[in-house]
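Here's the structure we're looking at; comments come further down.
The values are calculated or read from the model by the stated rules, or taken from the named source; none is laboratory data. None of the values given here were measured: they were computed from a predicted structure. FYI the Cβ positions are ideal-geometry reconstructions off the backbone, even for glycines, and counts take in every protein chain you see.
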Amino acid sequence: MNITPVEAGILAIAGIAIGYATRLNIAKRSKNSIERKAKEEFETAKAKAKEIELEAKNRAAAVLTEAQKDERERKQEVRRLEERLTKKEDALDQRAREFDTQLMGISAKETKLKEAGEEVKTIHEKAVTELERVAGLSREEAKRAIFEELEISYRKDLTNDVVRLERERRDAIEAKGMEILETAIQRYARNSIADITTSVVNLPDEELKAKIIGREGRNIRAFERLTGVEVIVDETPESVVLSSFDPMRRELAKMALEKLLKDGRIQPAKIEEKVEEARRELENRVQKIGEDAAYEVGILDLPKELIYLLGRLNFRTSYGQNVLQHSIEMAHISSMIAAELGVNTEVAKKGALLHDIGKAVDHEVEGTHVEIGRKLLKKYGISDEIVQAMESHHDEYPFASPESYIVAAADAISAARPGARRDTLEKYIKRLEDIEKAVNGFEGVKQSYAVSAGREVRVFVLPEKVDDFGALELAKQIAQKIQTNVQYPGEIKVTVIREVKAVEYAR
C-alpha cells in the first residue's frame with residue numbers, strides 16, 4: 001500500500017498529538033497522587049506533633065510535682081536542723097553558766113589557799129628563827145655543818161665509790177676502744193719508709209761531672225737557679241747529689257738532670273728547656289699520683305683540683321713521714337673504725353684523706369694548714385660534715401661530730417706507730433722536761449718522773465697534804481694542764497701515787 005507524503009505528514013502529526021495527550025493525562029494523574037500522599041503525610045505529622053506536645057506537658061507536670069516535693073522535704077530538714085541548733089545553743093548556755101559558777105568557786109578556794117600558804121610560811125619562818133635562836137646557828141651555818149659532818153663520815157666511802165666507778169667506766173671504755181683499734185690496725189698493713197732530704201743521680205760517665213759544672217760553673221749555677229736545688233758534685237764516683245728540703249723541687253731537678261744527661265748537651269739554654277719539660281711532666285705525674293691515691297681508698301667524686309693537691313702531698317713530709325701515705329693510711333683506718341662504731345664511713349674516710357690537704361700549699365698561703373685546708377674544701381664545694389670531720393685533728397676547732405673524733409684517733413695512730421716519724425733527741429728530752437715541769441708546779445707534789453718514752457708520768461705526792469680524794473682531783477688537774485701546755489703525740493697516762501708509811505720503834 002502506497003502512502004503519499006501528505007498522508008505520511010498527517011499520520012505523523014496525528015501521532016504527535018496522541019503522544020502529547022497521553023503525557024498530559026499521565027502527568028495529571030501523577031500530580032493528583034503526589035498531592036494526596038503529601039496530604040496524608042501532613043495529617044500523620046500533625047497527629048504525631050499533638051502526641052509529642054501532650055507527652056511533653058505530662059513530663060513537665062511530673063517534674064514540677066517532683067520539684068515541689070523536694071522543696072517541701074528540704075524545708076522540713078531545715079526546720080529540724082534549726083530545732084537541733086536551738087537545743088544545742090541552749091545546752092551550751094547552760095554549761096557556760098555552770099562553768100562560770102565553778103570558776104567562781106575555784107577562785108574563792110585559791111584565795112583561801114594563798115591565805116593559808118602565807119600563814120604557813122609565816123609560821124615556818126617563826127619556827128626557823130626560833131630554832132636558830134635556840135641552836136645558836138643560822139640556817140646556812142647549820143647546813144654547812146651537816147654537810148661537813150656527812151663528808152667527814154662518808155669521805156672514805158665516797159672516795160672508794162668514785163675510784164670504783166671511774167675504774168669500771170675506764171676499763172670498759174678502754175677495752176672497747178682497744179678492741180676497735182686493734183681490729184682496724186690488724187686489718188690494715190702498709191709498708192712505710194722515712195723520706196730523706198737528698199736524691200742521688202747516677203752518671204754513666206765520670207766526665208759528665210765537668211759538663212754539669214760547666215765553664216766557670218755557669219751550668220751548675222743556671223741549674224740551681226731554675227730548680228731551687230743545691231747540686232753537690234763531690235768525689236763520689238759516677239754520682240751527683242741533689243739536696244733540698246722540698247721533695248717536689250728535688251724530683252723536678254732529678255727529672256731535668258736525667259733528661260740533660262740523656263740529651264748530652266748541657267748548657268744554660270738547654271738546661272732551661274729541659275727544666276720546663278720536666279716541670280710539665282711532673283705536673284701530669286702529680287695529677288696521676290692524686291688519682292691513684294683517691295682510687296686506692298675508694299673515693300671517686302673529688303674535684304680535679306683537690307686530686308692535684310693530693311698528688312702534691314706525695315712530695316711533702318711531716319717529721320720524715322710522707323703526708324700522702326699518711327693520709328691514705330688514715331683513710332683506711334678511719335673507714336674501719338667508723339664501720340665498727342656504726343657511723344658514716346664515707347664522711348670519716350674523706351675527712352681523713354683530706355685532713356692535711358692544706359699542707360700542699362701552706363708554704364704559699366698564710367695560715368695554719370688546718371685553716372688553709374678548710375678554706376680549700378669550702379672553695380671546691382665539699383660538704384660541711386666532711387669539713388667538720390677534718391678540722392678538729394689538731395684541736396684547733398671543737399669536735400662537732402663522731403667522725404671528727406675518728407679522724408683525730410686515726411691521725412694519732414698513724415703518726416705514733418713505731419717507725420712512722422723521726423724525732424730528734426733534743427726534742428725528745430725537751431718534751432720530757434716540759435711534762436715534769438708542768439707536774440711539779442702543783443702543791444703537794446714530791447717528785448715526778450716521765451717514763452715510757454714520755455707516754456706516762458708518775459707523780460709522788462706528800463700524804464699529809466694530799467688525801468685519797470685529793471689524789472683523784474690532782475690527777476685530773478695534771479692531765480688537763482699537760483694537755484693544754486705540752487705538745488706530744490698520742491696520749492700520756494698520769495699516775496698519782498700516795499704512800500703512807502707508819503713507823504714505830506719498840507724499846
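Considering only residues that are crowded, with 18+ Cβ neighbours inside 10 Å and touching a Pro at 6+ places or on another chain (Cβ under 9 Å), look in the stretch 206-225 and name the one that is farthest from L261 (Cα to Cα).
A222
When the stretch 310-343 is examined, which residues are found to be touching an Asp or Glu at 6+ places or on another chain (Cβ under 8 Å), closer than 13 Å to A293 by Cβ and assigned to a helix (DSSP H, G or I)?
Of everything in the stretch 310-343, those that are touching an Asp or Glu at 6+ places or on another chain (Cβ under 8 Å), closer than 13 Å to A293 by Cβ and assigned to a helix (DSSP H, G or I) turn out to be G311, L313, V323, H326, S327, I328, M330.
If only one of I429, I492 is surrounded by 14 or more Cβ atoms within 10 Å (Cβ to Cβ) and aliphatic (A, V, I, L, M), which one is it?
I492 is the lone residue from the list that is surrounded by 14 or more Cβ atoms within 10 Å (Cβ to Cβ) and aliphatic (A, V, I, L, M).
Given the options V286, V231, name the one that is β-branched (V, I, T) and at pLDDT 85 or above.
V286
Kindly indicate which of T317, T345 is of a type in the set (V, I, T) and under 20 Å from S401 (Cβ atoms).
The unique qualifying residue is T345.
Let me confirm something: among A135, A96, which residue is surrounded by 10 or more Cβ atoms within 10 Å (Cβ to Cβ) and at pLDDT 85 or above?
Going through A135, A96 in turn, the sole match is A96.
Of all strands (runs of 3 or more DSSP E) completely enclosed by the stretch 425-507, which ones contain at least 1 residues that are of a type in the set (S, T, Y) and within 30 Å of A410 (Cα to Cα)?
The qualifying strands (runs of 3 or more DSSP E) are 445-451, 493-498.
Do the conditions hold for A253, that is, is it more than 22 Å from L354 (Cβ to Cβ), without any contact (Cβ under 8 Å) to a residue 24 or more places away in the chain, assigned by TED's automatic domain parsing to the domain that holds S199 and not aromatic (F, W, Y)?
Against the criterion (more than 22 Å from L354 (Cβ to Cβ), without any contact (Cβ under 8 Å) to a residue 24 or more places away in the chain, assigned by TED's automatic domain parsing to the domain that holds S199 and not aromatic (F, W, Y)), A253 does not qualify.
Considering only residues of the stretch 346-365 that are β-branched (V, I, T) and under 19 Å from D395 (Cα atoms), which is farthest from the chain's Cα centre (by Cα)?
I357
Does the stretch 393-405 hold any residues that are at pLDDT below 85 and crowded, with 19+ Cβ neighbours inside 10 Å, and which are they?
Once the filter is applied, which keeps residues that are at pLDDT below 85 and crowded, with 19+ Cβ neighbours inside 10 Å, the stretch 393-405 yields only H393.
Can you confirm whether the stretch 300-309 contains a residue that is outside any helix (DSSP H, G or I), buried (at least 16 other Cβ atoms within 10 Å of the Cβ) and either out of contact with any His (no Cβ under 8 Å at 6 or more places or on another chain) or free of Cβ contacts under 8 Å to residues at least 40 places away in the same chain (or both)?
So far as the stretch 300-309 goes, yes, one or more of its residues are outside any helix (DSSP H, G or I), buried (at least 16 other Cβ atoms within 10 Å of the Cβ) and either out of contact with any His (no Cβ under 8 Å at 6 or more places or on another chain) or free of Cβ contacts under 8 Å to residues at least 40 places away in the same chain (or both).
What tally of residues in the stretch 259-288 results from selecting those that are farther than 29 Å from K304 by Cα and either polar (S, T, N, Q) or assigned to a helix (DSSP H, G or I) (or both)?
Residues in the stretch 259-288 being farther than 29 Å from K304 by Cα and either polar (S, T, N, Q) or assigned to a helix (DSSP H, G or I) (or both): 9 in total.
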